[in-house]
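The values are calculated or read from the model by the stated rules, or taken from the named source; none is laboratory data. This structure is a prediction, so every number in the text was calculated from the model and none was measured. Every residue, glycine among them, receives a Cβ derived from its backbone with ideal geometry; neighbour counts consider all protein chains shown. Ligands, DNA and RNA are excluded from the accessible area calculation, which covers all protein heavy atoms including side chains. Shrake-Rupley method; radii C 1.70, N 1.55, O 1.52, S 1.80 Å.
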Amino acid sequence: MDIRLNNTMSREKEVFKPLTAGEVKLYTCGLTVYNYAHIGNLRAYIFADTLKRMFLFNDYKVNHVMNITDVGHLTGDEDEGEDKMEAGARREGKTVWEIVDFYTKAFFKDLERLRILFPTTTCRATEHVGDMIEMIKKIEANGYTYIAGGNVYFDTSKLPDYGKLARLQLDEDRMRSRVESDPYKRNPFDFVLWFTRYKYTDHAMQWDSPWGRGFPGWHIECSAMSSKYLGESFDIHTGGIDHIPIHHTNEIAQSEAAFGHEWVNYWLHSEFLVIGEGEKMSKSLGNFITLQTLIDMGYDPMDYRYYLLGAHYRKQLAFTFEALDGARNAMKRLKIGIAELKESQSPSAFADPQLLEEFHEAINDDLNTPRALAVLWKVIDSEDLSAGEKLALIEQFDRVLALGLAEVESDTIPGEIEELALQRKQARKDRNWKRADELRDLISEKGYEILDDRDGYKIRKK
RNA sequence: GGCGACGUAGCCAAGGGGUCAAAGGCGGAGGUCUGCAAAAUCUCUACUCAAGGGUUCAAAUCCCUUCGUCGCCUCCA
């Protein structure tokens, strides 16, 4: 079955053709680790994970690389371009290295809690400065750089198709930038590959280079590390939609300048999660919610994953707790339903190929997870399928959805609770309603609820 | 100021020229079951896709205008 993906480069859904048959080389722009990831950031990684799982579902081998940015990001104009790491360190009275370590661990923990498959390779920018320097040398040798004010710049005017991803109109008059541009730049689109001069002389992260002691520009890390682990061209590059005009545009520029050929075949971008009065969630705006916040509020990470899967990754999603509650209720029903199926039967082989096909088509069509969830509900509610067939299908679906549905256990009920339930059954038989209700309350206090049905009762953990 | 996206039921959200009198979930209403409660289950919940024009045999889907919302142009997922 074809896999169709929306390629930002063409702005169209294209049939996926791998460079190597049966294999996908995938690069995901990771997080800048100067603070906790917020749930908006995490949307991008759940998207990338769903993409990867879709390929695995299609029997592809996936070589997945994700970077961790731990150097070189300048903050915006408001605080005059201080390095984010440095700012984080000062804020918390720690060294930059401690900051990086702490937030990287926190990030990985979030990924795990969200059942995001860990990449084949994760790589830190600071551990690949040598690779970046080598790459800058290549770009320099190919004639795409100039040095001004102590920094090495990429000369965008040398690249005829600069800005092709974002379809930038390179008309300076129309680019009325809101920030004062770097006076050393020859062209407003040029960007720094290597810094040696900087307003803050006490920058903690510095390395020697042919151009002097300093640190790399932001964009070079992704180009250098992706080519190191995936080769000089690879299949897919993912990231948030905000990366299109600057970061990815510049990655393409420097990579194609260095390698002399097209670099990445498919660019996939996820849209933003927005919050409140339709405002994007962002660390610099300080309006962010972390996964831990949600957990503390009593949500399960899977509730959040379900919530995201309910919307297409290329649509902006306005976060509300009302909607998240809806997802949580849906998850609860799913888990209860599956636990009941498991009580009656274990997965059997004779699954309905039509529903599997429907599901497969949905995910292969540019990751249409909302439609995939609709198929899941169709299976749950089906009157034609046996419990075993349903479970078998759900197990398959969960390879992609990763909602932990395959792992749902039917509750084991302690003997004490069973005993109380039996007593209550007898009380009911005796029509001693008062006693029966007392026993129900007691069971409830112990964390279980008892549900009467036609033939008897069921006990469920609350 | 420039560029881009979006506007589908109370809420979230698929669909993106005919199979649409528009998936699915949440919520809500009613019925069945029942000592009560809960659960379960069944039925109902958009004659309509922001508004107005246009193209077409045919439009939620294409084009134009207006209104509204958001994103990017600056570190950002």
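Can you tell me, using C-alpha contacts under 8 Å and at least 6 residues apart, the relative contact order of the stretch A:275-401 as a whole percent?
On the way: 109 pairs, mean separation 32.8, N = 127.
Relative contact order, the stretch A:275-401: 26 percent.
Can you give the accessible area of residue A:342, probe radius 1.4 Å, in Å² rounded to 10?
Counting only protein heavy atoms, the figure is 60 Å².
Relative to the compact-globule scaling 2.2 N^0.38 Å, provide the ratio for the alpha-carbon radius of gyration of the stretch A:415-461.
Ratio of Cα Rg to 2.2 N^0.38 Å: 1.01.
Spelling out what I want: for every residue of the stretch A:143-156, take phi, set θ = phi - 60°, compute 6.51 cos²θ - 1.76 cosθ + 1.60 (Karplus), and round to whole Hz; glycine and proline get x.
Karplus-based 3J(HN,Hα) across the stretch A:143-156 equals x, 10, 10, 8, 10, 8, x, x, 10, 9, 10, 8, 8, 5 Hz.
Calculate the dipole size of the stretch A:4-270 relative to its Cα centre from +1 charges on Lys and Arg beta carbons and -1 charges on Asp and Glu beta carbons; express the result in debye to the nearest 20.
Around 720 debye, computed over the stretch A:4-270.
Among A:447, A:373, A:22, whose Cα projects farthest towards the positive end of the dipole of chain A, with charges put on the beta-carbon of Lys, Arg (+1) and Asp, Glu (-1)?
Farthest towards the positive pole: A:447.
For chain A, what is the relative contact order in percent, using Cα pairs closer than 8 Å and at least 6 residues apart in sequence?
16
Note the angle between two axes, namely the Cα long axis of helix A:39-57 and the longest principal axis of the Cα atoms of chain A, as a number of degrees from 0 to 90, rounded to the nearest 10.
Tilt relative to chain A: about 80 degrees.
Between residue A:386 and residue A:147, what is the FRET efficiency for a Förster distance of 56 Å, r being their Cβ-Cβ separation, to the nearest 0.05?
Calculated transfer efficiency: 0.20.
For helix A:433-445, what angle does its Cα long axis make with the longest principal axis of chain A, in degrees from 0 to 90 and rounded to 10?
20
If I take the Cα coordinates of chain A and project them onto the principal axes, what are the three extents in Å, biggest first?
Between the extreme Cα coordinates on each principal axis of chain A lie 93, 51, 37 Å.
Please list A:333, A:124, A:305, A:431 from largest to smallest accessible area, probe radius 1.4 Å, with all protein chains kept in place.
The most accessible residue leads, giving A:431, A:333, A:124, A:305.
Counting only residues 5 or more places away or on other chains, whose amide H sits under 5 Å from the amide H of residue A:191 once H atoms are built in the peptide plane?
Distant-sequence amide H within range of residue A:191: A:154, A:156.
What is the magnitude of the charge dipole of chain A about its Cα centre, with +1 placed on the Cβ of each Lys and Arg, -1 on the Cβ of each Asp and Glu, and no other charges, expressed in debye to the nearest 20?
500
Helix-derived [θ] at 222 nm for chain A: sum -39500 (n - 2.57) over DSSP H runs of at least 4, divide by residue count, nearest 500? Numbers along the way, then the final one.
Details: 14 runs with 188 residues, N = 462.
Computed mean residue ellipticity for chain A: -13000 deg cm²/dmol.
For residue A:120, tell me the accessible area in Å² from a 1.4 Å probe, rounded to the nearest 10.
It works out to around 90 Å².
On C-alpha positions alone, give me the angle between the axis of helix A:387-401 and the longest principal axis of chain A, in degrees, nearest 10.
Here the helix axis deviates by roughly 20 degrees.
For residue A:448, list long-range residues whose amide hydrogen, built 1.01 Å from N in the peptide plane, is under 5 Å from its own amide hydrogen.
Close amide H contacts, sequence-distant or interchain: A:462.
What percent do you get for the relative contact order of the stretch A:415-461 when only Cα pairs under 8 Å and 6+ apart count?
27
Residue-wise, which Karplus ³J(HN,Hα) couplings in Hz belong to the stretch A:342-349, taking 6.51 cos²θ - 1.76 cosθ + 1.60, θ = phi - 60°, and x for glycine or proline?
5, 5, 8, 7, 9, x, 10, 7
If amide hydrogens are placed 1.01 Å from N in the peptide plane, which non-local residues have theirs closer than 5 Å to the one on residue A:123?
Amide H neighbours of residue A:123: A:66, A:67, A:68.
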